[in-house]
Structures are given as C-alpha cells and as structure tokens.
Amino acid sequence: MTAATLIFGWGNPSRGDDALGPLLIDRIGALLADHPEWGAVELLTDFQLQVEHALDLEGRRRVLFVDSCAGALPGGAGAEAPFGVGELAPARDSSFSSHTLSPQAVMQVYVDITGRAPPPCWVLGIKGQSFELGEDLGAAAQANLDAAVAWVGEWLNSPSPASREREGPSRRLGG
Amino acid sequence: MTFELETAQNPEALRRIVIEPVSRVEGHGKVTILLGDDDTVHQVRLHIVEFRGFEKFIEGRPYWEVPVLVQRLCGICPVSHHLAASKAMDIIVGADELTPTAEKMRRLMHYGQHLQSHALHFFHLASPDLLFGFGSDVAKRNIIGVVAANPEIAKKGVLLRKFGQEAIRITAGKRVHGTGSIPGGINKSLSPEERDYLRKDVAQMVAWSAEAVQMIRQLHDGNPGLYDSFGAVPATMMSLVGDDGEMDLYHGALRARDVDGEIMFDRLDYQGYHHLLTEGVKPWSYMKFPYITSLGPEEGWYKVGPLARVQNCDSIPTPLAERQRQDFVAYGNGKPQHGSLAFHWARMIELLHAAENIQLLLDDDDLLGSDLVVAGKRAHEGVGVIEAPRGTLIHHYRVDDNDLVTYANLIVSTTHNNHAMNVAVRDVAKKYLSGRKITEGLLNHIEVAIRCFDPCLSCATHALGQMPLEVTLVDADGATIDRLCRGAS
C-alpha cells in the first residue's frame, strides 16, 4: 500500500549544509512512531533528483520535496528566514535532460510518462551556507533545520493539501 | 593531430568563445575556443574548473568505512565507487577469492548500475541530439521533444533506469549509501521474494534493451557519413577483459589495442597500474591527463568506456549482446570504429549485456546463499579496478597497522578519457565551426562530442555542479561582445 504522504529529501550528507534534506528525513523518521495522527508517511532520500523519482509520486495524496538552499528561498521567504515553502507545478525547466532534476521537472516527467496530473507537491528549502566536502552541518543550518522540522510536523498535521495552501507562506513555483 | 589546436601561438590576438558549463553532462566543465578574425579555430580546450581533493577526505579513515564513504564522491555513479573500493579492500583483508554468493551479488549490483546509467544517458541525455539533429531547434532538442515525438522512448528509459536502481537497492540494502558490499564480501544475499520481484520484469528489460540497440543501429545506417566520422578519435583503447578475452565489466586484467585494433598489451595485473600509467598534468585544467608511461604523453593517451570495451574484448558472454557485438565489428570492416557517436552504439550493446546478465543471475541460486564473507592474510596495500559505466575506474589504498587509510588515489573513467575528449572537441571545432559564423546549433556540436563520452565531471572534479549552458564571446581585449544563455534556472 503506497503511503498517502511522501517526503523526499535530497543532498550529499558529506558536504556540510547540503545534508539538510537527508537530515530532515532522519529527524522526521525518528518522530513517526510518536505521531500516528500523521497517517502513512513514506520518507525517501537520494543525492539528487532524477527521472525515475517521478515514479515515486504515483498514488500519493501529497508530496513534500526538501532541499538545502543557498540562494533565494522558495515562496518568497525573506533572506533571514530559516526556510521557505512553495507549492509546485510541473515545469519543463533547464534541469530537463540533466543528471540533476528540479522537483518541477520530476513532476513533468510524471505527466509525460503517465499522462496524468501529479499529486499536489511542495518544496521546502532550508537555508544553508557552506557546502564543502567533509564539513559537518553548520550551527546556523542546525537551527534552520530545527525550525523546518517543526514546520513539517505542522504540515503533516494539516488535514489536506488545500488547507496547507491557505496557511503556509507558499507561492506556486514552476509551470 | 594529437596536440593540434591545443595551444595557439598568439592567444592574446584571438577571439574567445566560452561554453560554460557544458550541459547534459554531470559536473562543471567549460570549453574555450579561440577564433581568428576570419573565424578560423586556433585553439580548443575542454577545461575542468573545479577540484576538491576527495582522496584527502578518505585518508585517516578506517578501511572498512571506505566502501560506504566513497559513494559520497558522486551522485551519479556511487555504486561503481562502492564496488571499486570494496575490491581494493578485499586485498587488504586477504580475501583472494570471494564466495560465489558474494561475487554474484556484487555483479548483480554492478549490472544494475550499468543498466540504469546507460539507460539514462541514451534515452534522456543523448537521444534529443540523435533524434532531432545536433543543430535543430534548441527548444525541441531536449527530452520534452523526444517525449512529444516518441512518447514510448522516454517512458522505457525511465522504467529501465528504475529497474536498474531497484537491483541496486535490493543488493546494496537501500537506495543510496548502500552497505551491501564490504571488505571480503557482502553483508546480505537475496531473499526468494526479492529475487522474484526482480524476475517478474527482467524479460521486459532485456527486450527493451534489444530495441535500443536496434534504434541506434538504424541511426548509424541512416547517416553513416556523420556517424562514422563525427568527433573521430583514433586512439588506443584500454579496458579490463576476462581470462579468455571476453567482456567482463566486474573483474579481469588490463588489455589495450592500438588504433588499428592490434593488441598492445594483455593480461596485465591491475595491481601494478601505477607502473603502467602516468597521471600527467597541464596548467590549464585541474583534471589530469593519464598516459601509458612507456609511450609518453604524445603517444600514450588512450580512451576507455563502452567503445573501448566492445572493441577490446574477443566476445561478450551473453548471446544477444554477442550477436550485436559481431554486427558492430562487421560494420567496421575489420577496423575499429573511432567515431565518437559509436560510443552510443557500444553503450547500448552493453545495456543489453547488463540486462541479460541480470536475467541469468536471477536464475542462479547462489544469490540466495548464506556464505557471505572471507578473509585471509592482512595486507597494507590494495588496488581495486572495475569497469564503471563510463570506463575503467581505479581505486588504490594503503592502510596502516591501525587500520587507517594512509594513502588514496582514484583515477576515474572521465579522467582516463580527458585527452580523448579534448581531441574529439578539436576535431568537431575544426570541421564544423572553423570559418563559419558561430551559432548555438554549431556550438551544440561541441557538446554532442563531449556527451558521447558520457563524462562524469562530478567524479573527475569531486564536485556536484549545475549545468546550464552559457556561451560568451570575448574580444582580444577581454570585453564581452556577445552572450548567449540556454537553460539557466
């Protein structure tokens, strides 16, 4: 049985703040047993998004992509914000035909291979500063991760994607 | 020809074109082209503009961590590094011969890696160029265009890749950061349920792989003038081959053939690779330029990867792929094929070989065995070599009495091919760009030549990069006179 909710975090755990996506997955994974009200949640991680991840969208009611973010945060969040959230639409952006797809491009692959609209998807971008090989997570990134984990808990508590859209500081990206 | 167009006599007086980063390859590369007033090409270089010392990251770590740690070198081919490091560490723990279960599990993982990597490259990265033409409308020349024109192609590419990834997940224990391969063997075998899960789809994967070979063969037949000569790199070809000269992507000894297909050396134990090869350096690139030491840098450079492997071996030990290899050899009329586009044909033969191998392995009960690890006399130095999807991958380690790595050296496939890629882009620049007004379509010819090698610049540079294309025209005074961006996010 496919879990209704998918959270997909990506990044390289050995590159400093690039580990934010996988670390959020670990943190949420540790909380799942204490929160049956979140329902069925599948947690996935990888180094980067690629074409076959489109198949992971099948059968979901909602999907949250999670990445570290060195530049502008999603959803128009301010530069001082610990994270930003944006709702996504399928898009044929520059990441197509590369080894590193954007979440919007993964959604577009889903459309192309199934002929159907993908489930509602959001991206959570957690602010990171340093991405050097062999570095640990920075102190600022750690605090940003804590804030993001708290937000994901709220998001998982929300009864439907539509209600989240009303509450969150989100803006539709891509498309 | 080897160093023609590598260094211009008067670079300060020439116009400069920069293709940066090269798109649809992994990592961050840059091509610079220096043009004279009449648009003739004077200098072409494929640069690597970023380097991070992964070897230093490994030094000081316990040896048993290394097969897992090295997967973080690259998000594209972590399994190849996982297995090459494991093979080196087999030497360290004195595992002269793995158990049948361990070796076959590793092979299943490895063929899964080849299947997913080759499928992604052909169906998603290369097919837009091949199906629509190198100079076609850039808006159409991407996978979206392929999907629109041939909806089944992209879908098969995704599903082939997914199947390969599933083989990796099941053998490595998880999707990423797998721990399946360890020094001396493996830490899990297949359950009957896992075997049956892969079995149910494998015949379809073999069939789609066979179709892919036919597709690229038809492209060659449809335009032999282009396919036989584009980016031609007559070069020595090096790879591992098995004991009987057969293709073996997991293990073997080193063999090289010269440009005419004659064997130059054979059955060389890769533990002595450092006596065979020298890693040359050039002031304009961070990526090294390996060459066969005895031949020197001018004559000793070589190419690796599918085109070398398919022509280096005497046979392929799976029936459908062997038939395709024979067709490939016959097409060359007794001479090796050196056109860069032939990489795609060879790559699809290997895709078929990987799918067939997976099918054969899934019928082998050794995969369900419980004898997983061996050990023997401890050693302090080991070399592991594997034929990764892009070519020969070398991992070399020294380990002290405290089990800590004191030395690491990695030569990745793309580094082996560095000189050959430079020769290919110079050939293309000379034939297609020189003396003509530069357009995006013409510049894409340069990228097509690079993409034939399926370079993983992430491995070569140890960095993950973004891949929009930027072309900048700069005059002799350094002033930007034109700028073209494609796909910037």
Next item on the list: Could you please let me know if A:Leu57 is away from chain B (no Cβ under 11 Å), of a type in the set (A, V, I, L, M) and closer than 19 Å to B:Arg169 by Cβ?
Entry: yes
Notebook entry, point to check: In segment B:158-183, how many residues are facing chain A (nearest Cβ under 9 Å), closer than 23 Å to B:Met89 by Cβ and of a type outside the set (Lys, Arg)?
Noted result: 2
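Table: residues versus (1) within 14 Å of B:Arg390 (Cα to Cα); (2) modelled with pLDDT of 95 or more.
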| position | (1), (2) |
| --- | --- |
| B:Gln311 | no, yes |
| B:Gln326 | no, yes |
| B:Gly332 | no, no |
| B:Lys335 | no, no |
| B:Ser340 | yes, no |
Margin query: For segment B:67-83, which positions are facing chain A (nearest Cβ under 9 Å) and in contact with a His (Cβ under 6 Å, 6 or more places away or on another chain)?
Written below: B:Gln71, B:Leu73, B:Ile76
Check: Within the group B:Arg426, B:Arg378, which residue is crowded, with 24+ Cβ neighbours inside 10 Å, over 14 Å from the mean Cα position of the chain (by Cα) and among the basic types (Lys, Arg)?
Finding: B:Arg426
Note to self: Here is a check on your reading of the model: is B:Glu6 under 21 Å from B:Thr414 (Cβ atoms) and at pLDDT 70 or above?
What the structure shows: yes
Note to self: Here is a list: B:Asp477, B:Asp482, B:Asp454, B:Asp427. Which entry is within 14 Å of another protein chain (Cβ to nearest Cβ) and either modelled with pLDDT of 50 or more or in contact with a Gly (Cβ under 8 Å, 6 or more places away or on another chain) (or both)?
What the structure shows: B:Asp454
Note to self: Please determine whether any residue of segment B:143-152 is within 14 Å of chain A (Cβ to nearest Cβ), buried (at least 22 other Cβ atoms within 10 Å of the Cβ), closer than 23 Å to B:Glu440 by Cβ and under 22 Å from the mean Cα position of the chain (by Cα).
What the structure shows: yes
Checklist line | Any strands (runs of 3 or more DSSP E) falling wholly within segment B:263-329 and containing at least 3 residues that are over 19 Å from the mean Cα position of the chain (by Cα), within 28 Å of B:Ile349 (Cα to Cα) and among the hydroxyl-bearing types (Ser, Thr, Tyr) | finding: none
Note to self: Within segment A:56-78, does at least one residue satisfy the condition of being of a type in the set (Phe, Trp, Tyr) and closer than 26 Å to B:Ala154 by Cβ?
What the structure shows: yes
Check: Do we have A:Asp146 as of a type in the set (Asp, Glu) and within 14 Å of chain B (Cβ to nearest Cβ) here?
Finding: no
Next item on the list: Consider B:Val399 carefully, then state whether it is crowded, with 24+ Cβ neighbours inside 10 Å, within 19 Å of B:Gln271 (Cβ to Cβ) and either of a type in the set (A, V, I, L, M, F, W, C) or touching a residue at least 24 places away in the same chain (Cβ under 8 Å) (or both).
Entry: yes
Check: Assuming B:Ser239 fulfils every condition listed in (1) among the polar types (S, T, N, Q); (2) touching a helix residue (DSSP H, G or I) at 6+ places or on another chain (Cβ under 7 Å); (3) assigned to a helix (DSSP H, G or I) apart from one, which condition is it?
Finding: (3)
Next item on the list: Please specify each residue of segment B:215-236 satisfying the condition of being in a loop (DSSP other than H, G, I, E, B) and surrounded by 15 or more Cβ atoms within 10 Å (Cβ to Cβ).
Entry: B:Phe230, B:Gly231, B:Ala232, B:Val233, B:Pro234, B:Ala235
Margin query: Please verify whether B:Leu361 is assigned by TED's automatic domain parsing to the domain that holds B:Arg107 and out of contact with any Pro (no Cβ under 7 Å at 6 or more places or on another chain), treating the condition exactly as stated.
Written below: yes
Notebook entry, point to check: With B:Val202, B:Val158, B:Val146 as the choices, which residue is in the same structural domain as B:Phe230 (by TED's automatic domain parsing), β-branched (Val, Ile, Thr) and touching a Pro at 6+ places or on another chain (Cβ under 6 Å)?
Noted result: B:Val146
Item checked: Within segment B:457-472, considering residues that are at pLDDT 50 or above and within 11 Å of another protein chain (Cβ to nearest Cβ), the one surrounded by the fewest Cβ atoms within 10 Å (Cβ to Cβ) -> B:Ser458
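The values are calculated or read from the model by the stated rules, or taken from the named source; none is laboratory data. This is a predicted model, so every value here is computed, not measured. Backbone-built Cβ (ideal geometry, glycine too); neighbour counts: all protein chains shown.
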